[in-house]
Amino acid sequence: MSHVLIIGAGGVGSVVVHKCAQIPEVFSKITLASRTVSKCEAIAASVKERTGVQVAVERLDADKVADTVALIKRIKPDLLLNVALPYQDLALMDACLETGVDYLDTANYEPPDVAKFEYKWQWAYKERFEKANIMALLGSGFDPGVTNVYCAWAQKHHFDEIHQLDIIDCNAGDHGQHFATNFNPEINIREITQRGRYWEHGEWVETDPLSWSMTYDFPEGIGPKKCYLMYHEELESLVQNLKGLKRARFWMTFSENYLTHLRVLENVGMTRIDPVKYQGGEIVPIQFLKAVLPEPASLGPLTRGRTCIGCVFSGVKDGKAKRMYIYNICSHEEAYREVGSQAISYTTGVPAMIGAKMMLQGRWQRAGVWNMEEFDPDPFMADLNAHGLPWTVVEL
Ligand code: NDP
C-alpha cells in the first residue's frame, strides 16, 4: 500500500498513471503533478473512466526545487516517479534528498544548453543518496530500462560471458503525419542529431550522425528494416556492468521520409538549441519546432503497426559460442485500446510502473543511485509478461 507521486503529464506520464491504477494493491494512492494542470485532469478523467480509480492532480513547475519539496511535504508520497523531461532530473533528485523520498526516472540528465546526455551528473548523487538512506533507480523505461534488464537476465541465465551486444530499436508503426516524433520532439531530435558512438575493445568509437546503417530482418512478420547506429544512454552503464564485453552498439530504424524531413530541418537551422533573435526577443529554434509539431500524446489514435525492441547477444556458455536474441513486440493499436496511448509511450510507461513496483515491494531496494542491470532481473522479467510487454527468446 503506497503513495506514488508521478511528475509529467505527457505521453509517457499518461501510460504510467493508467498502469499504476490497474494495481491498486501496490499503488493505493496516485498523485499526478505537471506544469499544465489541465493535462493532469484529462489523464485523471481517462483513468477514472477505465478503472474507477481517482487520481489526485497538482500543478507543479519541477524546475523549482522548493515547490517540489513543499508538495512532497504536503502529500507525503513514498516514491517520486519522474516522467517529465531530462532537464528536471537533478532538481527532482535534490527535492528527494531534502525530503527523504525514493526517486525513479526513464531518461538521464541533459543540460538544456548542451545536447549531451551522460550519467555522470546523476551518479554524482550516489553518496548523498546512501547517506540519506534513499534510493534512485535510473532509466526505468524500455531503452534504457528493459534493454538493461534483458542484459542482466541473459548474463544471469544464458552466458558465462557476453562479448557482443547489439540493442536494436524498431518502430514499424505509421502515424500518417508528414513528420512527428513518438516522444518529446525536443529530446528526440537532440538525441538523433548527435554524433554516433559505440564501444569496442575498451574504448568509445565516434561516427558521424546516422552515417552507419545495417538492415535487420525483424521477427513475426515485421521483416527487413534499415537501422542506424546511434549513441544511446544505456551503453554507458552497460559497458561498466557487463563483464567481458568487447563491443556494444545501439541501432534504431528510421524511414527515408523521416530522415529527409530531419535533414531539411537541420539544414535550415530549425534544430538549433541556441537562442536566436526574433522580433526584438529571443527564441530557441528547436523549442519553436516542438510547438508546431504534433504532441506525442496526440499520436495515440493515429498510429498503426508494431514496435520491436530487443537485444542480440554473442558470447560463450560452457565453453561454446552462443548467439541469442530477446525482444518484445508491442502493437500501437492494442496499446491505444488499453490505455489510450501509442506503443512508444506504452513501452516506456509500463517499465516505469514495474520499476516503481519493484522498489515499493522491496524487491529492488538499496540505498544509493543505481542502473537497472544492477538488480536481480527475474522479478522484473516476470512482471513484463504479466503487465503487457511479453518477451520472446530465440537462439540464433
Ligand atoms: P512529453 O513532452 O509528452 O511530456 C513531458 C511532460 O513533462 C509534459 O507534460 C510537460 O508539461 C512536463 N514538463 C516539462 N517540463 C516540466 C516542468 N518544469 N515541470 C513540470 N512538468 C514539466 O514527453 P514524453 O512523455 O514523450 O517523455 C517523457 C520522458 O520519458 C522524457 O524524459 C523522455 O526522454 C523519456 N522517454 C524515455 C524512453 C525510454 O525508453 N527510456 C522512451 C521515451 C521517452 P507541459 O505539458 O506543460 O509541456
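Side notes on the structure shown:
- Only one entry in Glu282, Glu233 is out of contact with any Cys (no Cβ under 6 Å at 6 or more places or on another chain) and closer than 20 Å to Asp143 by Cα, namely Glu233.
- Selection within region 353-366: residues that are touching a strand residue (DSSP E or B) at 6+ places or on another chain (Cβ under 6 Å) and among the small types (Gly, Ala, Ser). The member of this set that is nearest to the ligand (Cβ to nearest atom) is Gly355.
- Test: Leu137 is within 22 Å of Glu191 (Cα to Cα), modelled with pLDDT of 95 or more and not in a helix (DSSP H, G or I): yes
- Pairs, first within 14 Å of Asn182 (Cα to Cα) in region 2-19, second of a type outside the set (Gly, Ala, Ser) and near the ligand (Cβ under 6 Å from one of its atoms), C-beta under 6 Å, six or more apart: Gly11/Pro296; Val12/Val83; Val12/Thr348; Gly13/Val83
- Residue in region 246-259 that is crowded, with 18+ Cβ neighbours inside 10 Å, more than 20 Å from the chain's Cα centre (by Cα) and hydrophobic (A, V, I, L, M, F, W, C) present: no
- Selection within region 295-338 - surrounded by fewer than 17 Cβ atoms within 10 Å (Cβ to Cβ) and within 16 Å of the ligand (Cβ to nearest atom): Glu295, Ser298, Pro301, Leu302
- Residue within region 193-203 that is under 15 Å from the mean Cα position of the chain (by Cα) and within 16 Å of the ligand (Cβ to nearest atom) present: no
- Some residue of region 136-153 being among the acidic types (Asp, Glu), within 15 Å of the chain's Cα centre (by Cα) and surrounded by fewer than 22 Cβ atoms within 10 Å (Cβ to Cβ): no
- Residue list for region 164-178, filter: surrounded by fewer than 17 Cβ atoms within 10 Å (Cβ to Cβ) and away from the ligand (no atom under 16 Å from the Cβ): Gln164, Asp174, Gly176, His178
- Count of region 53-104 residues which are surrounded by fewer than 17 Cβ atoms within 10 Å (Cβ to Cβ) and closer than 13 Å to Ile30 by Cα: 5
- Unmet criterion (only one of (1) assigned to a strand (DSSP E or B); (2) in contact (Cβ under 8 Å) with a residue 40 or more places away in the chain; (3) under 23 Å from Ser345 (Cβ atoms); (4) not charged (D, E, K, R)) for Leu165: (3)
- Looking across Pro379, Pro390, Pro351, one residue alone is within 26 Å of Gly10 (Cβ to Cβ) and either surrounded by fewer than 17 Cβ atoms within 10 Å (Cβ to Cβ) or modelled with pLDDT under 95 (or both). It is Pro390.
The values are calculated or read from the model by the stated rules, or taken from the named source; none is laboratory data. Only a predicted model underlies this, so the values are computations on that prediction, with no experimental measurement involved. Ideal geometry is used to build each Cβ from the backbone, glycine not excepted, and the neighbour counts take in all protein chains shown.
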